[in-house]
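Chemist: Below: one structure in structure tokens.
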Amino acid sequence: MTGQIIKALSGFYYVDIGDNELIPCRGRGKLRHQRLTPLVGDQVEITCTQQGSGMVEAILPRKNQFLRPMVANIDQLVIVASGAIPITDPLLIDRIAAIAEWKGCQPLICFNKCDLVRAEELVQLYQRAGFPTLQISAKTGEGMAQLSQHLARKVSAFTGNSGVGKSSILNALQPEFALEVGEVSQRLGRGRHTTRHVELFRVRDGLVADTPGFSSFDADQMEDIPRDCIAGTFRDFGPYLSQCRFQGCAHVKERGCAVLEAVETGQIAESRHKSYVRLYEQAVSIPNWEKSKK
């Protein structure tokens with residue numbers, strides 16, 4: 001029979017086979033030999049045992065998969081950020097959004113804790129860049145109705161640095177979840193990891209994955225986009241990519257670059273271009289032997 005993995009925990013994959021019936025499964029050894037790791041969101045083939053458990057026999061073709069968060073078959077990546085403690089670095093937002101675009105997944109940017117700090121400039125920046133962007137507050141409920149509408153009939157995953165309030169947002173959407181939430185260190189300006197595994201929850205006829213947060217160090221372990229693909233993942237660059245003077249323009253410092261001209265005239269935000277250059281230079285610096293391992 002087939003089903004969807006909705007939770008991975010302690011070596012077990014909990015497979016929903018319909019009518020909210022969950023079968024705890026182990027993965028067959030052949031998957032390990034094939035270097036395949038079942039992920040939350042996977043559609044899988046399983047066989048059941050008499051004890052009410054099962055074995056994952058095969059992973060059905062994925063439309064996408066992510067390393068961080070470790071999920072598959074996602075329609076929408078909800079990038080949870082914060083203008084209050086912990087303050088989210090725009091480079092992190094840009095990097096996650098670029099990875100989502102590369103994987104064929106819709107990014108949705110949510111600035112939580114707007115009851116503390118209203119990130120108006122950043123909201124306007126990302127809206128001008130073409131991203132659906134919301135100001136929300138898990139504490140007061142502001143923006144929750146809009147977020148709920150975006151989640152309907154989609155498979156979404158929450159992602160963001162620790163302490164921005166991913167679990168708190170899910171609790172605000174559906175209090176019966178009662179997910180553990182942590183305090184943010186005022187001294188260090190960062191949150192404590194409270195979500196320790198990936199799990200899909202049903203919200204408004206959709207599925208939402210709550211995923212572990214990460215530190216800035218962990219962010220360096222995200223997937224690297226091939227350098228020739230990075231410009232195409234910045235949707236605000238799109239109208240200008242074909243107008244550059246030279247074919248193969250890197251859009252970093254070349255003469256006659258239409259993207260750089262758009263930055264100078266304010267059509268593209270300078271911070272967005274700086275993020276692009278950081279990602280491009282990082283991709284260029286990766287040795288060929290390391291690329292072959294990915």
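Chemist: Taking 26 Å as the cut-off for C-alpha to C-alpha distance, list the pairs among LYS30/LYS166; LYS7/LYS103; LYS103/LYS166 that go past it.
Modeler: On the way: LYS30/LYS166 35 Å; LYS7/LYS103 22 Å; LYS103/LYS166 22 Å.
Distance filter (> 26 Å) returns LYS30/LYS166.
Chemist: Could you order peptides 58-64, 170-176 by the average number of other Cβ atoms within 10 Å of their residues, highest first?
Modeler: Working: 58-64: 13.9, 170-176: 15.9.
The densest-packed peptide leads the list: 170-176, 58-64.
Chemist: Counting only protein heavy atoms, what percent of the accessible surface of the range 65-163 is carbon or sulfur at a 1.4 Å probe? Could you put the intermediate results ahead of the total?
Modeler: Details: 1880 of 3620 Å².
Carbon and sulfur atoms account for 52 percent of the accessible area of the range 65-163.
Chemist: Taking θ = phi - 60°, what integer Hz values does the Karplus form 6.51 cos²θ - 1.76 cosθ + 1.60 yield along the range 52-67, in sequence order, with x for Gly and Pro?
Modeler: Taking θ as phi minus 60°, the curve returns x, 10, x, 10, 6, 8, 7, 9, 6, x, 9, 8, 6, 8, 10, 7 Hz for the range 52-67.
Chemist: If the rule is a partner Cβ under 4.7 Å, which cysteines in the chain fail it?
Modeler: CYS25, CYS48, CYS105, CYS110, CYS114, CYS229, CYS257 - these cysteines have no disulfide-compatible partner (Cβ-Cβ under 4.7 Å) in the chain.
Chemist: While we're on this one: Would you mind working out the accessible area per residue for the chain, using a 1.4 Å probe, and quoting it in Å²?
Modeler: That works out to 51 Å² per residue.
Chemist: Apply the Karplus parameterisation 6.51 cos²θ - 1.76 cosθ + 1.60, with θ equal to phi minus 60°, to every residue of the range 85-101 and state each ³J(HN,Hα) to the nearest whole Hz, in sequence, with x for glycine and proline.
Modeler: 5, x, 6, 7, 6, x, 4, 5, 4, 5, 5, 5, 4, 5, 5, 4, 4
Chemist: Report, in deg cm²/dmol and to the nearest 500, the calculated mean residue ellipticity at 222 nm for the chain, where each DSSP H run with n ≥ 4 adds -39500 (n - 2.57) and the sum is divided by the residue count.
Modeler: On the way: 10 runs with 78 residues, N = 294.
My calculation for the chain gives -7000 deg cm²/dmol from helical runs alone.
Chemist: A further question on this structure: Which order do VAL117, VAL155 take when ranked by solvent-accessible area (1.4 Å probe, heavy atoms of all protein chains), largest first?
Modeler: Numbers: VAL117 60, VAL155 25 Å².
The most accessible residue leads, giving VAL117, VAL155.
Chemist: Straight-line reach from LYS113: which aspartates and glutamates fall under 19 Å, measuring Cα to Cα and dropping same-chain residues less than 8 apart?
Modeler: Reachable aspartates and glutamates: ASP89, GLU121, GLU142, GLU180, GLU183, ASP210.
Chemist: Excluding ligands and nucleic acids, what accessible area in Å² is computed for HIS33 using a 1.4 Å probe, to the nearest 10?
Modeler: 150
Chemist: In the range 3-59, which GluC sites (Glu not before Pro) are in a loop and have at most 12 other Cβ atoms within 10 Å, using DSSP for the loop call?
Modeler: Values: sites: GLU21, GLU45, GLU57; in loops: GLU21.
When the GluC sites (Glu not before Pro) of the range 3-59 are filtered for loop state and at most 12 Cβ neighbours within 10 Å, GLU21 remain.
The values are calculated or read from the model by the stated rules, or taken from the named source; none is laboratory data. Since this is a predicted model, take the numbers as computed values, not measurements. Here the Cβ is made from the backbone with ideal geometry for all residues, glycine too, and neighbour counts use every protein chain on show. To get the accessible areas, we keep the full protein, side chains included, count just its heavy atoms, and leave off ligands, DNA and RNA. Shrake-Rupley method; radii C 1.70, N 1.55, O 1.52, S 1.80 Å.
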